[in-house]
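Trainee: Just passing along the structure, written as structure tokens.
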Amino acid sequence: MGTVGLLQFCSGLPMRVMDILRLLVPQLAPAQTKLHLAGHNGLEDPLDVFLSGDFPAWQMTQNQKNFERPYVLSLIKMAERDRRLFAGAHRVLGSASWGPDVWVGRGECWNYPLEEMENATQLTGRLVAHFTRPGRNS
């Protein structure tokens, strides 16, 4: 996964988001974690969805089989360049199912059973990382 976002602390020393999260959730290993860089999908801005409280349900619906690892680390694109809001660390509870969109019911998609990992919830919506997206995989 490489470097997952950096935070700049008062000392001026950067710290990786994954390093912070692994202090709270030790099983969140990079090789076992899908980094979800949530951006506008043409219909909704994930930051608006997050602020409305609907991000967990919105994230569960995917156009592709994106979450094929045991964990998902979610970062939402913010207005500032290369800034991402931490939107949670999630456990994938089983296989994705193809069917009706469980969020707003507009067609079919992959629906993932996800559960937010409680040990990291204190940082959800509070941690902002600097992340430069090198390219797009899915």
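Trainee: Name the single residue that is surrounded by the most Cβ atoms within 10 Å (Cβ to Cβ) among those in region 42-73 being of a type in the set (Phe, Trp, Tyr) and touching a Gly at 6+ places or on another chain (Cβ under 9 Å). Break it down into steps so the answer makes sense when it comes.
Mentor: Within region 42-73, the subset of a type in the set (Phe, Trp, Tyr) is 50, 55, 58, 67, 71.
Add one more test, that the residue is touching a Gly at 6+ places or on another chain (Cβ under 9 Å), and what stays is 50, 55.
Values: Phe50: 21, Phe55: 24.
So the residue we want is Phe55.
Trainee: Which residue is nearest to Glu116 (Cα to Cα), if the candidates are limited to region 26-48 and must be assigned to a loop (DSSP other than H, G, I, E, B) and within 15 Å of the chain's Cα centre (by Cα)? Can you show your working first?
Mentor: Going residue by residue through region 26-48, those that are assigned to a loop (DSSP other than H, G, I, E, B) are 26-29, 39-45.
Pick out the ones that are also within 15 Å of the chain's Cα centre (by Cα) and you get 28-29, 39-41, 45.
Details: Leu28: 12, Ala29: 16, Gly39: 19, His40: 21, Asn41: 22, Asp45: 20 Å.
Selected residue: Leu28.
Trainee: So, one more: Taking the options Gly39, Gly88, Gly99, Gly107, name whichever one is at pLDDT below 95 and surrounded by 13 or more Cβ atoms within 10 Å (Cβ to Cβ). Even if it seems obvious, please write down each step before you answer.
Mentor: Numbers: Gly88 fails: at pLDDT below 95; Gly99 fails: surrounded by 13 or more Cβ atoms within 10 Å (Cβ to Cβ); Gly107 fails: surrounded by 13 or more Cβ atoms within 10 Å (Cβ to Cβ).
Gly39 is the lone residue from the list that is at pLDDT below 95 and surrounded by 13 or more Cβ atoms within 10 Å (Cβ to Cβ).
Trainee: Also, I was wondering about something else. Which of the residues belonging to region 98-116 are without any contact (Cβ under 8 Å) to a residue 60 or more places away in the chain, in a strand (DSSP E or B), of a type in the set (Asp, Glu) and closer than 22 Å to Gly53 by Cβ?
Mentor: Glu115
Trainee: Here's something else I'd like to know. I need a count of the residues in region 26-54 that are free of Cβ contacts under 8 Å to residues at least 24 places away in the same chain and among the hydroxyl-bearing types (Ser, Thr, Tyr).
Mentor: The qualifying residues number 1.
Trainee: Is there a residue being modelled with pLDDT of 95 or more, under 20 Å from Ala29 (Cα atoms) and part of a strand (DSSP E or B) anywhere in region 117-136?
Mentor: The answer is no, given that none of the residues of region 117-136 is modelled with pLDDT of 95 or more, under 20 Å from Ala29 (Cα atoms) and part of a strand (DSSP E or B).
Trainee: Only one of these is exposed (fewer than 11 other Cβ atoms within 10 Å of the Cβ) and of a type in the set (A, V, I, L, M): Leu93, Leu127, Leu123, Leu114. Name it.
Mentor: Exactly one residue qualifies, and that residue is Leu93.
Trainee: Right, another one. What single numbered condition from (1) outside any loop (DSSP other than H, G, I, E, B); (2) at pLDDT below 90; (3) closer than 24 Å to Pro70 by Cα; (4) not β-branched (Val, Ile, Thr) fails to hold for Leu7?
Mentor: Failing condition for Leu7: (3).
The values are calculated or read from the model by the stated rules, or taken from the named source; none is laboratory data. Everything numeric here is computed off the predicted structure, so don't read it as measured data. So basically every Cβ, Gly included, is an ideal-geometry build from the backbone, and we count neighbours across all protein chains shown.
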